[in-house]
């Protein structure tokens, strides 16, 4: 009996649309893959990205929001939104280019200070 090795080949096709025509239609991103985490460690840390939306995450223990972004090459990024960023980005429409800068810590009486940010939107 000969040894056989099972294998599967994924065929990559740029136009694998199963007969559905997309020509003339406008594409809209409905979901993006999990992005690389944006981390602000030092005052003055800054990033400029295309804001794509807010994902609301709920577990049995908590609820939090994740801000989603894309860079100029389409690579996804995400940022866990604390109270400050959640309130800022609530009024920013998706597809807005934004620069986020970590400017200071704010003492809130909690063990860890709240990070404070400056956000500039480009229209």
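Every number in this text was worked out from the coordinates using simple rules, so none of it is lab data. Please read these numbers as outputs of a predicted model, since none were measured by experiment. No Cβ is skipped: glycine too gets one built from the backbone with ideal geometry, and neighbour counts run over all protein chains shown.
Would you work out the relative contact order for segment 36-122, in percent, from Cα pairs under 8 angstrom that are 6 or more residues apart?
Relative CO of segment 36-122 lands at 30 percent.
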Quiz item: PRE reach from residue 90 (point 7 Å along Cα→Cβ): which of segment 44-83 fall under 19 Å by backbone N?
Solution: 52-59, 62-68, 79-83
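Mind running the shape call on segment 30-70? Use the C-alpha gyration tensor, a ≥ b ≥ c as the square roots of the eigenvalues: rounded below 1.5 for a/c, prolate if a/b tops b/c, oblate otherwise.
Numbers: a/c = 2.70, a/b = 1.36, b/c = 1.99.
Verdict is oblate for segment 30-70.
Based on the Cβ-Cβ distance of residue 119 and residue 23, what FRET efficiency does E = 1/(1 + (r/R0)^6) give at R0 = 30 Å, to the nearest 0.05?
On the way: r = 38 Å, r/R0 = 1.26.
For R0 = 30 Å, the calculated efficiency reads 0.20.
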Practice problem: Let me know the shape class of segment 36-122, please: from the alpha-carbon gyration tensor, a ≥ b ≥ c as square roots of the eigenvalues, rounded when a/c is under 1.5, otherwise prolate if a/b is greater than b/c, or oblate. | Solution: oblate
Self-check item: For segment 75-123, Kirkwood radius (reciprocal of mean inverse C-alpha pair distance, Å)
Solution: 12.1 Å
